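Accompanying notes for the structure given below.
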Amino acid sequence: GKRDLETMREVVFSACQSSEVAWESAGHGEFTLRATTLLQPGASAFSHDAFIQQVITAFGAAPRQNPLLECATAARSRMLLDAIVA
């Protein structure tokens, strides 16, 4: 079933939509390749929302997959890897 996003305590990054395939290149996931490139300078520069938007941008104008962020609205602006407390 669908998640109730507003009561979620976790932050979920998915490599693609549920109707898509997460592609690999040379044995490496395309989401992971883009995400790790963005994270090399450090994770502290991104909110959850900014990070997923940068990953989506890194896939270009005609992506084979569309990454997804699922979390409560309030968590979208939290800094990447910050703890979410109830």
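The values are calculated or read from the model by the stated rules, or taken from the named source; none is laboratory data. What you are looking at is a predicted structure, and each value in this text was computed from that prediction instead of being measured. Every residue, glycine as well, gets a Cβ built from its backbone with ideal geometry; the counts of neighbours run over all protein chains shown. Protein only, heavy atoms only, side chains kept; ligands, DNA and RNA dropped before computing areas. Shrake-Rupley method; radii C 1.70, N 1.55, O 1.52, S 1.80 Å.
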### Summary
With a 1.4 angstrom probe the carbon and sulfur portion of accessible area for the chain, in percent, totals 54
### Summary
A correct Stokes-Einstein calculation for the chain, using the alpha-carbon Kirkwood radius, 37 °C and 0.692 mPa s, returns a whole-number D in µm² s⁻¹ of 240
### Message
With a cut-off of 8 Å between alpha carbons and a minimum separation of six or more residues, what is the relative contact order of the chain in percent?
### Response
47
#### Entry: the chain: trypsin sites (Lys or Arg not before Pro) in DSSP loop, at most 15 other beta carbons within 10 Å
Lys2, Arg3, Arg9, Arg64
### Task
Would you kindly derive the ³J(HN,Hα) couplings of segment 13-30 from the backbone phi angles with the Karplus curve 6.51 cos²θ - 1.76 cosθ + 1.60 (θ = phi - 60°), listing them in order in whole Hz, with x for Gly and Pro?
9, 10, 5, 7, 5, 5, 8, 10, 10, 7, 7, 10, 10, 6, x, 10, x, 5
### Query
Just how much of Ser44 is accessible, in Å², when a 1.4 Å probe is used and the result is rounded to the nearest 10?
100
### Message
List the residues, sorted by chain then number, that are 5 or more residues from Phe46 or on another chain and whose placed amide H is less than 5 Å from its amide H.
### Response
Leu80
### Residue-by-residue Karplus 3J(HN,Hα) for segment 61-74, coefficients 6.51, -1.76, 1.60, Hz, glycine and proline x
6, 10, x, 7, 8, 10, x, 9, 10, 10, 5, 4, 3, 4
### Query
Sequence-distant or interchain residues sharing an amide H contact under 5 Å with Glu24, placed H: which?
Glu30
### Message
With a 1.4 Å probe and all protein chains left in place, how much accessible area per residue does the chain have, in Å²?
### Response
65
### Task
Give the accessible area for Leu5 in Å² (nearest 10); use a 1.4 Å probe, count only protein heavy atoms, and leave out ligands, DNA and RNA.
70
### Query
What is the list of residues in segment 4-39 whose amide nitrogen lies under 13 Å from a point 7 angstrom out from the Cα of Thr73, following Cα to Cβ?
5-7
### Task
Search the structure for amide H atoms under 5 Å from the amide H of Asn66, placed 1.01 Å from N in the peptide plane, and list their residues when 5 or more places away or on another chain.
Gln17
